[in-house]
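First comes the structure, then the notes that go with it.
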Amino acid sequence: MTEKSWDEIFNKFIEREDDQITPSRFFDILEEISEAKIKRTIELKAKLVEGKLEFEPTPEVVVKGNEILFGENRIVVNLE
């Protein structure tokens, strides 16, 4: 879904005559739903080594230097 499509749907929802909802309440509800889906929290620790971020090994998540690997995904964290 494009950002424009999302904005159109969101605006139509907010502007409904029945059961109007404020944008702040909508986002509060969205946040509550997102938090309810969280099943566990994994803490990652990192340190700077020669100016580069390096994650400490953890049994829950595979890390390699500044990369977090899980399933078919890789997150690369770069410092600016």
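The values are calculated or read from the model by the stated rules, or taken from the named source; none is laboratory data. Computed from a predicted model, the values in this text were never measured in an experiment. Here the Cβ is made from the backbone with ideal geometry for all residues, glycine too, and neighbour counts use every protein chain on show.
Miscellaneous remarks
- Picking from residues in region 1-35 that are closer than 30 Å to E80 by Cα and among the hydroxyl-bearing types (S, T, Y), the one that is surrounded by the most Cβ atoms within 10 Å (Cβ to Cβ) is S34.
- From the options E56, E32, E50, residue that is modelled with pLDDT of 90 or more and of a type in the set (D, E, K, R): E56
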